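The structure under discussion appears below in the form of structure tokens.
The values are calculated or read from the model by the stated rules, or taken from the named source; none is laboratory data. This one's a predicted model, so the numbers in the text were calculated from it and none came from an experiment. Quick reminder, even Gly has a Cβ in these numbers, built from the backbone with ideal geometry, and neighbours come from all protein chains shown.
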Amino acid sequence: MRLFDFHCDTLYKATTTNGSLLHNDYHISIEKANRLEQWLQVMAVWIPDEIRGQAAFDFVSKCADNLRQQLSQAECNVYNPLNFNELVRSQHRKNIILAVEGGAALNGDIRNVKKLKDIGVQLLTLTWNGKNELGDGVGVINPKGLTNFGREAVAELERNKIVIDISHASEPLFWDVAQIAARPFVATHSNSRTVCNHKRNLTDDQFKYMVSIKGIVGLNFCYYFLKDNGMADINDLLKHTEHFLSLGGEKTICIGSDFDGAAMPNGITGIHSMEKIYDYFLRHNYNEQLLKDIFFNNGYKFCENFDN
């Protein structure tokens, strides 16, 4: 099968634990992904809310260096495209795309947008759960939207063709981005708040807006974003998918697993579970073309069109 996963924390985990991307006991390794026909993986550098200032930017640089060093090993046979044009033209069947989860990485300096682009960052999640220089995340009480710097950053990110990710954003920040963004943006790992009433999930209005702008929304496997009470399983993932489809999301839904960054539901233990999930959906009357779109094509077409 072909898989395009828009969010995992594997690079963060490997960097902070001095681990290997090739061989490990994480949710994702290059070795485990080798069974896939094609694998495009967004690996995010998470910026915890307690990391701020120059330390946040420097940590991204450290992770980017670690990614390049590990992929330079001949046995990896994985490519790190520096932009979406490279990704689309790439003859490599395995690609890792660098992202940052937390606008604190900019350190409040607009010049750092270009610096992130230069080291290969292709997506930026504007906030994590707390407040940063760009605006408020979902964990802020009585949240506001974008700051003046946040508005400036949105324009500069778009100018540098870095995709804006609103997963973890407060609702006011989401709608501020919707008001000023000139390009489609994404929610790399966010589920439906109608199905599971968690503040990290998207409302129906937010999802329908993502459909209208031809953005994408990645299904998040974290169990407490899947079900209101108790342990979730694959069927709960199916419920979120069905609800998003009922809102016209056939070309909007993609995968945003949150592997190596979240607690998984019953039946999902890592990238080797993806074929099992695909087969489960097949058995529940999802046709092959729709599944190919969700698991790969929707994300790929977003990238294909973004630089045009």
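Odds and ends about this structure:
- Asp165 meets the conditions (1) in contact with a Gly (Cβ under 8 Å, 6 or more places away or on another chain); (2) buried (at least 24 other Cβ atoms within 10 Å of the Cβ); (3) closer than 21 Å to Cys222 by Cβ in every case but one. The failed one is (1).
- With respect to (1) under 17 Å from the mean Cα position of the chain (by Cα); (2) in contact (Cβ under 8 Å) with a residue 40 or more places away in the chain, the lone exception for Phe225 is condition (2).
- Selection from the range 23-47 of residues that are over 20 Å from Ser90 (Cα atoms) and among the β-branched types (Val, Ile, Thr): Ile28, Val45, Ile47
- The single condition among (1) touching a strand residue (DSSP E or B) at 6+ places or on another chain (Cβ under 9 Å); (2) of a type outside the set (A, V, I, L, M, F, W, C); (3) part of a loop (DSSP other than H, G, I, E, B) that Gln122 does not meet is (3).
- Any hit, the range 285-292, residues being touching a helix residue (DSSP H, G or I) at 6+ places or on another chain (Cβ under 6 Å) and crowded, with 21+ Cβ neighbours inside 10 Å: no
- Residue in the range 174-184 that is touching a His at 6+ places or on another chain (Cβ under 9 Å) and aliphatic (A, V, I, L, M) present: no
- Some residue of the range 153-163 being touching a Phe, Trp or Tyr at 6+ places or on another chain (Cβ under 6 Å) and either under 28 Å from His243 (Cα atoms) or β-branched (Val, Ile, Thr) (or both): no
- Counting only helices (runs of 4 or more DSSP H) wholly contained in the range 195-303, the ones carrying 3 or more residues that are in contact with a strand residue (DSSP E or B) (Cβ under 7 Å, 6 or more places away or on another chain) occupy 234-246.
- Hey, Phe174 out of contact with any Asp or Glu (no Cβ under 9 Å at 6 or more places or on another chain) and either at pLDDT below 95 or not basic (Lys, Arg) (or both) or not: yes
- Residue in the range 28-65 that is farthest from Ile96 (Cα to Cα), counting only those that are of a type in the set (Gly, Ala, Ser) and outside any helix (DSSP H, G or I): Gly53
- Neighbours by Cβ (under 8 Å, 6+ apart or cross-chain): first from the range 243-269, under 17 Å from Cys196 (Cβ atoms); second in a loop (DSSP other than H, G, I, E, B) and of a type in the set (Phe, Trp, Tyr): Ser257/Phe221; Asp258/Phe221; Ala262/Phe221; Met264/Phe221; Pro265/Phe221; Ile268/Phe221
- Residue satisfying all of: in the range 66-93; in a loop (DSSP other than H, G, I, E, B) and in contact with a helix residue (DSSP H, G or I) (Cβ under 7 Å, 6 or more places away or on another chain); nearest to Phe302 (Cα to Cα) among these: Pro81
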